[in-house]
Each structure stands twice: as structure tokens, then as C-alpha cells.
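Enquirer: One structure, pasted below without further comment.
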Amino acid sequence: MEWFWVIVVLLLVGSAASLLGSFIVLKGFGMLGDAISHAVLPAIVIGYLIGGIYDNQWFLILAIILAVITALSIEWLHQKTRMYPDGIMGLIFTFLFALGLLMIDLWTYSVDLDPECVLFGEAAYIPFSFFVINQALVPKQLLFSLGIWFITIMFTVAGFRALAISTFDTVYAHSIRMMPSFWQYSVSVLVAILTVIAIESVGIVLLLSILVVPASIAFLWAKRLHSMIILAQITNIALTSAGLFFAIYVDIPISAGISIIGGFALLISVILTRKKK
Amino acid sequence: MMDLPLHIFIALAFIGWFSGLMGSILLVHHRVLIGDVLSHSVLSGAAFVFLMFLDVSFPMLIVGAIASTLLAATLIEFVKDRTPLKEDVILGIVLAFMFAIGIAFLALAQKMPSVEKTMLNTLLLGEVSAILPSEVPYMVIASILGSFVIWFLYRGWFFTGFDTVFGRTQRVPISSLRKTLLFIVASGILLTAYISGVVLAVGLLIAPALIGRFFSTRLYSTLLLSGLSGAVLAVLGGVVSAKVEGLSTGPLIIFSAGLIGLLTILFSPHYGIILHKIKYVLFKWSRGQENILRAAYKVLEKTGNMSYAFSLEDLRQACDDPPPSWTILLKVLEIRGLVKRSGSRWTLTNIGLEKARRLTRLHRLLELYFSEIVKIAPEKVHSYAESLEHIITPEVEQRLYELLRDRQYDPHKKPVPWNGSG
């Protein structure tokens with residue numbers, strides 16, 4: 001039963017991530033997930049300080065707030081200084097991550113938090129925290145990933161046209177008053193929320209991988225946005241199952257297994273496809 | 001430097017300098033995040049070497065780390081050359097792939113009996129105190145070599161960073177220079193990662209580079225400044241963490257560097273956001289005060305009585321360009337001793353009257369200048385004079401006086417207040 005929950009959560013987070021990832025790959029801000037996932041460490045530390053380690057929702061709320069602030073301030077500084085966003089991203093996320101590490105150093109007695117856990121995550125631990133709903137034990141992570149999966153699907157279905165137009169032609173989207181920056185910010189905010197939820201279940205590395213890898217593979221093979229999105233979903237399921245077996249077979253963390261399989265699948269796609277620049 | 005051993009001090013200074021240089025070149029090429037990808041790749045190489053040879057001495061670490069960062073750089077360039085994927089996305093892919101390999105090797109290494117596996121964990125988040133005196137010569141030589149390569153290619157960076165088209169016409173090999181950049185950073189990033197940890201290394205590249213970028217306008221001085229501030233920041237972090245018990249050096253260096261980098265973005269003289277804003281607000285408030293004085297002069301002029309006590313309503317009617325806040329600015333003028341308050345009315349003091357007269361004189365002379373010398377229709381000159389009167393330098397003001405010395409009336413037939421008689 002436990003492995004069943006692990007697979008369901010992996011697939012849900014992966015599905016949401018590769019859906020958002022399709023737009024991220026087309027727009028080209030693949031490092032946003034990485035930056036946000038590092039930047040939320042101070043919020044996680046404060047969350048644990050307030051609420052303790054067990055049955056604690058504080059860190060989730062605080063981390064989501066910090067993630068959204070980070071995403072928005074990267075965009076804000078980028079517009080204000082007219083600097084390329086890569087420099088600002090690199091500065092802000094390392095600054096916040098270092099701050100988080102120092103906070104762990106300072107309150108080492110009250111925060112029993114291993115920064116490596118935050119970095120790696122481990123999908124095999126998913127079933128260990130439960131909610132009790134109608135006398136049935138439901139893994140906490142299942143509820144959260146179901147929630148973010150549902151929000152992401154709803155968001156994409158409702159805004160598909162606007163998302164597509166503002167992704168491919170920002171100027172045109174402006175001209176028909178479609179508010180491309182609103183959709184851009186919304187994708188960033190969703191990525192931020194997804195990142196925070198994913199840190200606890202699948203870890204930063206796997207999150208980064210499933211944000212960009214399935215969508216990039218689909219991008220290389222598909223010719224239209226619709227088929228790219230569907231292909232990304234299929235790729236995600238295939239990579240997750242293959243990676244899971246690989247990880248169990250050679251006995252390494254699941255997140256690493258899926259990411260490694262994803263990297264190889266992408267390399268094979270790059271060699272096999274001939275999409276021109 | 002009381003508690004910081006000399007060899008660590010030297011290592012921090014040289015690595016900080018070299019990191020600043022690398023970051024500066026990356027920043028100019030908008031490829032900062034490549035530093036992040038390459039530093040994360042260090043882990044896989046180091047862990048691989050450990051798994052193969054059970055050896056984490058510094059020379060072995062160098063070999064393993066450089067092999068893996070070069071692999072990552074090659075992967076980036078390979079995917080970039082063959083697909084239309086955006087660079088940022090490729091970085092995400094390669095980062096996840098290389099770091100995942102590193103984690104997998106690390107997990108396998110945990111099962112090994114050797115005690116040296118803890119060394120790999122320190123590589124993840126950095127541990128400056130682990131630097132041995134025997135390792136320092138390698139670091140110094142590598143930093144100096146790297147700096148020489150960057151200095152040697154200086155002219156090339158200039159073109160690849162700023163004007164690739166002109167560079168091509170000068171037969172500068174742009175794309176191989178860009179690849180060289182990648183490989184320099186790939187070989188050098190181990191040093192940065194060794195003191196700050198692979199996760200934070202990009203912070204030590206970017207923060208000094210930003211300081212260099214925001215405080216100087218030329219590539220040469222930007223490079224020097226970045227290198228120097230990198231060295232200073234690294235040493236500063238080392239000194240503080242040696243003094244304060246329980247804080248790790250790597251995060252401390254990155255935190256202080258990041259803090260100073262952010263402050264630079266916000267406050268630097270040329271590009272700083274906040275300073276720009278503050279200057280703007282200050283200007284608005286000083287302009288508001290000048291407008292109040294001039295409105296007061298207009299009221300006094302109308303009554304013909306220079307010690308007339310005017311009300312807020314009088315000022316409101318006389319002023320065309322209302323200040324941000326009447327009450328606050330009148331209070332400021334009162335503190336500066338330019339107006340005197342009695343109840344709900346104000347009078348100008350002697351100094352205030354002199355200032356108000358000067359402003360009015362300047363305004364009307366500017367109107368004259370625009371209408372008679374620049375030949376602009378009199379009904380338009382008021383707004384030009386209005387916006388210029390606040391920013392004119394004393395030198396220009398003096399020239400205006402000399403030029404229009406004999407005029408008594410402005411284009412709207414109002415007297416120019418040349419002297420105390422008004």
C-alpha cells in the first residue's frame with residue numbers, strides 16, 4: 001500500500017510539473033524552479049521553529065509566501081534594473097539559501113533539520129505523515145499534490161488560449177489586452193507553490209528535472225502545442241515508472257533515479273530528432 | 001585575522017579574487033546560471049572518484065571534479081548546438097541530470113566502510129576549516145593561472161560580451177571564445193565550490209561581479225573591482241566565522257556577499273533603484289518648497305504689502321504647480337526660517353522674502369529669455385520656465401542676469417524684481 005501512495009504522488013506532482021513545464025520550456029526560464037526551491041529554506045526553518053517537526057503546516061504556508069515573494073521580486077528587479085534575470089536569480093537564491101543555513105546553525109538545538117534532506121527529498125518517505133479523514137489514513141502529501149494538480153489543470157484549461165498566445169507572441173497578446181504579464185506571473189506563482197509542495201515529497205532535484213525534462217523531450221518531438229502537452233504527460237508517466245524501477249534496482253534515491261533516466265531519455269531524443277534552430 | 005589561520009586566509013583571498021573574475025565574465029555574457037550548473041556537477045565527479053579509488057585527496061578531487069564539470073559543459077554545448085531549446089532550459093536539464101548522478105553516487109558511497117565519505121558531504125555545503133596547508137599551493141596556482149587566461153583573452157571578452165557582430169568583422173572567433181569561457185569556469189568552479197559548497201558557489205561568483213558592474217562602467221575596471229571585492233568578501237566571511245562560534249564559513253561568505261550585492265543593486269550611485277527613487281522624492285520636495293515661496297511672492301506682490309500675512313487659500317490660488325503636501329512643506333519652510341506662522345496665516349521672513357524674490361526673478365527672466373531670444377509664443381513660456389527654474393545652475397543664472405540686465409517687465413507685463421524694492 002505504501003508504494004502505491006509513493007507512485008500516485010510522484011505521478012500527480014510530475015503531471016502538474018510537466019504541464020507547467022511545457023510553458024516554461026517554451027518561454028525559457030528553466031532555472032526558476034531551482035532558484036525558488038533553494039530560496040524557501042529560511043521559511044522552512046522558521047516554520048519548524050514555530051510549529052515543531054510533527055504535524056506542522058506552518059512551514060508550508062510560510063514557504064509558499066516566501067516562494068511567491070522570491071518569484072515576484074526576481075521579476076521586479078529584472079524590470080527595474082534592466083539587468084538580465086540570470087544574475088538576479090543567482091544572487092537572490094544563494095543569498096536566501098545561505099541565510100537559511102545560517103539560521104540552522106544558529107538554532108541548531110531547536111531545529112532538527114538536515115539541509116541535505118531539503119536538497120534531496122526522498123519519495124520513499126511520502127507515506128509517513130498522515131491525515132485522518134473519516135477514520136481513514138490519508139498521506140498528507142497525497143492531499144497536497146492532488147490539490148496542486150487540480151489547480152494546475154484548472155488553470156491551464158481555463159487560460160489555455162491566453163497562455164498559448166502570451167507564450168508565443170507577447171506583443172500580440174498585449175495588443176488584444178490579454179495581459180501577458182499576468183499569465184507569466186501566474187505560471188511563476190504556480191511553479192513556486194508546486195516547488196514548495198514538491199520539496200517535501202520528491203525533492204529539489206527531481207522537481208527541477210520533471211519541470212523541464214518531459215516538456216523538453218515533448219518539445220523536440222511534437223509540432224503543435226496540444227500534442228506537446230499530451231506528449232509531455234505521457235513522457236512523464238514513462239520516465240517516472242522507468243526511473244522508479246531503476247532506482248530500486250541499483251538501490252539509489254528515487255528522485256535521483258528518475259532524474260538520471262530523464263537525462264538519458266533527453267539525450268537520446270536530442271540525437272534522434274532533427275529540429276532546426 | 002586573529003583567529004583565521006594564514007593558509008586559509010590566503011586560500012580565501014585567491015579563490016575569492018578568481019571567483020569574482022569568473023563571475024564578472026559570466027555576467028557580461030548573461031550566463032551566470034551556468035556557474036550553478038557546473039558547481040553542482042562537481043559533486044558527481046568527486047563522488048565517482050571516491051567510489052572508484054576510495055581517495056578524496058585534493059589532487060584526486062581536482063581530476064574528478066574537472067572531468068565532471070567538463071562533461072556538463074560539453075552536454076550544455078551539445079544540446080545547445082543541436083536543438084532550438086532555450087539556454088535556460090538546457091541548464092535546468094543538465095543541472096538536474098548531473099546533480100542526480102552526484103546524489104546517486106553519494107548514496108552508494110554511504111554504504112562504503114571508509115570514513116572519508118564525510119568529505120563528500122562537506123563538499124555539498126562547504127567547509128573552509130577542512131582546507132589543509134598542503135592544498136593551498138594548488139589553489140593559489142590555479143587562481144593565478146585562471147586569472148592569466150582571462151587577462152590574455154580580455155580583448156576577446158570585450159567583443160563576445162558587447163558586440164558580437166563587430167567582433168566577427170574583426171575576425172574574433174566569437175563562438176570558440178564563448179566555449180572557452182565555459183571551460184574556464186568549468187575548470188575553476190571547483191575552487192569556489194570547495195570553500196562555499198557546490199550549492200552556493202554561484203553566489204560567490206555573482207555578488208562580486210554585481211558590485212563590479214554597478215560601481216564601474218568599463219570592462220577593465222569592472223574586472224578588477226569584481227576580483228578585489230571577491231577577495232575581500234571571501235576573507236571577510238572567513239574572519240567573521242572564525243570569530244563567531246557555530247556559524248559555518250561557506251554560508252556566511254555567501255550571505256554577506258549576497259547582502260552586499262543586493263544593497264549594491266538598491267543603492268549604487270549609477271543604477272541603484274532606491275537611491276534613484278530617493279533623489280527623485282527629494283527633488284520633488286525641494287521643488288515644492290520653491291513653488292510655495294514663489295506663490296507667496298505672487299500674493300504679496302498683488303497686495304503690495306511685503307509683510308502681508310497670507311493664508312493657505314491665497315497660496316492655493318496663486319500656485320500653478322501644487323506641492324506634494326502643503327502642511328508638511330510649510331512646516332519645513334518654517335523650520336528653515338523662511339516663513340513665520342501666526343495662527344492659520346504665514347508671513348515671509350527677510351531671508352524668505354529674498355529667496356522668493358530670487359526665484360521670481362529667475363522665473364520671469366527665463367520667460368523673457370524663451371519669448372525674446374528663443375522666440376517662443378509668450379503663452380507657452382510659463383511652463384518651460386516652470387520646469388527649468390528648479391534645476392538651473394548659479395553659473396547659468398548669472399549669465400541670464402547679464403544677458404537681460406536692462407529688462408523691467410516679463411512677457412506677461414509683470415515687473416522683474418531686480419532688487420529689494422520689489
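Enquirer: Would you be able to tell me the number of residues in segment B:237-254 that are without any contact (Cβ under 8 Å) to a residue 40 or more places away in the chain and over 17 Å from B:A11 (Cβ atoms)? Explain how you work it out, then say what you get.
Expert: Kept after step one, since they are without any contact (Cβ under 8 Å) to a residue 40 or more places away in the chain, are these residues of segment B:237-254: B:240, B:244-247, B:252.
Okay, now just the ones that are also over 17 Å from B:A11 (Cβ atoms), so B:244-247.
Of the residues in that region, 4 qualify.
Enquirer: Something else about it: Tell me, please, whether a residue that is out of contact with any helix residue (DSSP H, G or I) (no Cβ under 6 Å at 6 or more places or on another chain), among the small types (G, A, S) and modelled with pLDDT under 85 can be found in segment B:187-208.
Expert: No, every residue in segment B:187-208 fails to be out of contact with any helix residue (DSSP H, G or I) (no Cβ under 6 Å at 6 or more places or on another chain), among the small types (G, A, S) and modelled with pLDDT under 85.
Enquirer: While we're here: Residue check: is A:F29 facing chain B (nearest Cβ under 9 Å) and not acidic (D, E)?
Expert: yes
Enquirer: A follow-up question, please. Could you say whether any residue in segment B:97-112 is within 17 Å of B:D36 (Cβ to Cβ), within 14 Å of chain A (Cβ to nearest Cβ), crowded, with 24+ Cβ neighbours inside 10 Å and touching a Leu at 6+ places or on another chain (Cβ under 6 Å)?
Expert: Checking segment B:97-112: at least one residue is within 17 Å of B:D36 (Cβ to Cβ), within 14 Å of chain A (Cβ to nearest Cβ), crowded, with 24+ Cβ neighbours inside 10 Å and touching a Leu at 6+ places or on another chain (Cβ under 6 Å).
Enquirer: Could I ask something else about it? Does segment B:152-178 hold any residues that are surrounded by fewer than 16 Cβ atoms within 10 Å (Cβ to Cβ) and under 28 Å from B:L61 (Cβ atoms), and which are they?
Expert: Scanning segment B:152-178 gives a single hit, B:F152.
Enquirer: Still on this structure: Can you pull out every residue in segment B:21-46 that is away from chain A (no Cβ under 11 Å) and more than 30 Å from B:D163 (Cα to Cα)?
Expert: Correct list: B:S41, B:V42, B:G45, B:A46.
Enquirer: Listed residues A:L106, A:L113, A:L12, A:L32; which is among the hydrophobic types (A, V, I, L, M, F, W, C), in contact with a Phe, Trp or Tyr (Cβ under 7 Å, 6 or more places away or on another chain) and at pLDDT below 85?
Expert: A:L113
Enquirer: Looking only at segment B:111-118, decide whether some residue is modelled with pLDDT of 90 or more and within 30 Å of B:S248 (Cα to Cα).
Expert: no
Enquirer: Working carefully through the options B:A72, B:A13, find the one that is within 30 Å of A:M228 (Cα to Cα), out of contact with any Lys or Arg (no Cβ under 9 Å at 6 or more places or on another chain), modelled with pLDDT of 90 or more and of a type in the set (A, V, I, L, M). Lay out the reasoning, then the answer.
Expert: Numbers: B:A13 fails: within 30 Å of A:M228 (Cα to Cα).
The match here is B:A72.
Enquirer: Just give me the residues in segment B:119-153 being acidic (D, E) and at pLDDT 80 or above, in sequence order.
Expert: Within segment B:119-153, just B:E135 meets the criteria.
Enquirer: Identify all residues within segment A:68-100 that are crowded, with 22+ Cβ neighbours inside 10 Å, at the interface with chain B (Cβ under 7 Å from one of its Cβ atoms) and at pLDDT 85 or above; write none if there are none.
Expert: Hits for segment A:68-100 are A:M89, A:G90, A:L91, A:T94, A:F95, A:F97, A:A98.
Enquirer: Just to be sure before I move on: is B:L85 in a loop (DSSP other than H, G, I, E, B), of a type outside the set (G, A, S) and closer than 25 Å to A:I24 by Cα in the structure I sent? Give the steps one after another, and end with the answer.
Expert: Values: in a loop (DSSP other than H, G, I, E, B): yes; of a type outside the set (G, A, S): yes; closer than 25 Å to A:I24 by Cα: yes.
So B:L85 fits the description; yes.
Enquirer: Now, a different point. Can you confirm whether segment A:1-20 contains a residue that is under 30 Å from B:I260 (Cα atoms) and without any contact (Cβ under 8 Å) to a residue 24 or more places away in the chain?
Expert: Looking through segment A:1-20, none of the residues is under 30 Å from B:I260 (Cα atoms) and without any contact (Cβ under 8 Å) to a residue 24 or more places away in the chain.
Enquirer: Quick check on segment B:236-247: of everything there that is surrounded by fewer than 22 Cβ atoms within 10 Å (Cβ to Cβ) and not charged (D, E, K, R), which residue is farthest from the chain's Cα centre (by Cα)?
Expert: Of everything passing the filter in segment B:236-247, B:G246 is farthest from the chain's Cα centre (by Cα).
Here's the yes/no breakdown for (1) in contact (Cβ under 8 Å) with a residue 24 or more places away in the chain; (2) surrounded by fewer than 20 Cβ atoms within 10 Å (Cβ to Cβ); (3) among the aliphatic types (A, V, I, L, M); (4) facing chain B (nearest Cβ under 8 Å):
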residue: A:I230; (1), (2), (3), (4): no, yes, yes, no
residue: A:I234; (1), (2), (3), (4): no, yes, yes, no
residue: A:I237; (1), (2), (3), (4): yes, yes, yes, no
residue: A:A242; (1), (2), (3), (4): no, yes, yes, no
residue: A:F245; (1), (2), (3), (4): no, yes, no, no
residue: A:I252; (1), (2), (3), (4): no, no, yes, yes
residue: A:S255; (1), (2), (3), (4): yes, no, no, yes
residue: A:I261; (1), (2), (3), (4): no, no, yes, no
residue: A:I268; (1), (2), (3), (4): no, yes, yes, no
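Enquirer: Which one of these is under 23 Å from B:G261 (Cβ atoms) and either touching a residue at least 60 places away in the same chain (Cβ under 8 Å) or among the polar types (S, T, N, Q) (or both): A:A71, A:A43?
Expert: Every option except A:A71 fails the conditions.
Enquirer: Let me ask something additional. When you go through B:I292, B:I278 one by one, which is the residue that is among the β-branched types (V, I, T), surrounded by fewer than 17 Cβ atoms within 10 Å (Cβ to Cβ) and out of contact with any Lys or Arg (no Cβ under 8 Å at 6 or more places or on another chain)?
Expert: After applying the criteria, what remains is B:I278.
Enquirer: Residues that are more than 21 Å from B:L204 (Cβ to Cβ): which helices (runs of 4 or more DSSP H) entirely in segment B:227-341 hold 2 or more of them?
Expert: Helices (runs of 4 or more DSSP H) meeting the threshold: B:273-303, B:312-318, B:326-335.
Enquirer: Would you confirm whether or not segment A:192-215 contains a residue that is in contact (Cβ under 8 Å) with a residue 60 or more places away in the chain and either among the charged types (D, E, K, R) or in contact with a Cys (Cβ under 7 Å, 6 or more places away or on another chain) (or both)?
Expert: yes
Enquirer: Condition first: of a type outside the set (V, I, T), part of a helix (DSSP H, G or I), modelled with pLDDT under 85 and touching a His at 6+ places or on another chain (Cβ under 8 Å). Can you find one or more residues in segment B:359-381 that meet it?
Expert: Looking through segment B:359-381, at least one residue is of a type outside the set (V, I, T), part of a helix (DSSP H, G or I), modelled with pLDDT under 85 and touching a His at 6+ places or on another chain (Cβ under 8 Å).
Enquirer: Could you check how many residues of segment B:188-224 are more than 10 Å from chain A (Cβ to nearest Cβ) and in contact with a Pro (Cβ under 8 Å, 6 or more places away or on another chain)?
Expert: 1
Enquirer: Okay, moving on. Report yes if some residue within segment A:185-207 is farther than 25 Å from A:K140 by Cα, over 18 Å from the mean Cα position of the chain (by Cα) and of a type outside the set (A, V, I, L, M); otherwise report no.
Expert: Scanning segment A:185-207 turns up no residue that is farther than 25 Å from A:K140 by Cα, over 18 Å from the mean Cα position of the chain (by Cα) and of a type outside the set (A, V, I, L, M).
Enquirer: Can you list the helices (runs of 4 or more DSSP H) lying wholly within segment A:1-107 that have 3 or more residues being closer than 25 Å to A:S241 by Cβ?
Expert: Where helices (runs of 4 or more DSSP H) fall fully within segment A:1-107 and carry at least 3 residues being closer than 25 Å to A:S241 by Cβ, they are A:2-27, A:32-39.
Enquirer: Identify, by number, the condition in (1) touching a residue at least 12 places away in the same chain (Cβ under 8 Å); (2) farther than 18 Å from B:R287 by Cα that B:K413 doesn't meet.
Expert: For B:K413, the failing item is (1).
Enquirer: Take the residues in segment A:1-17 that are touching a Ser or Thr at 6+ places or on another chain (Cβ under 7 Å) and either more than 15 Å from A:I193 (Cβ to Cβ) or not aliphatic (A, V, I, L, M) (or both), then tell me which one is surrounded by the fewest Cβ atoms within 10 Å (Cβ to Cβ).
Expert: Only one residue tops the list, namely A:L11.
The values are calculated or read from the model by the stated rules, or taken from the named source; none is laboratory data. Keep in mind that this is a model prediction, so the values were computed, not measured. For neighbour counting, all protein chains shown are included, and Cβ atoms are generated from backbone atoms with ideal geometry for every residue, glycine included.
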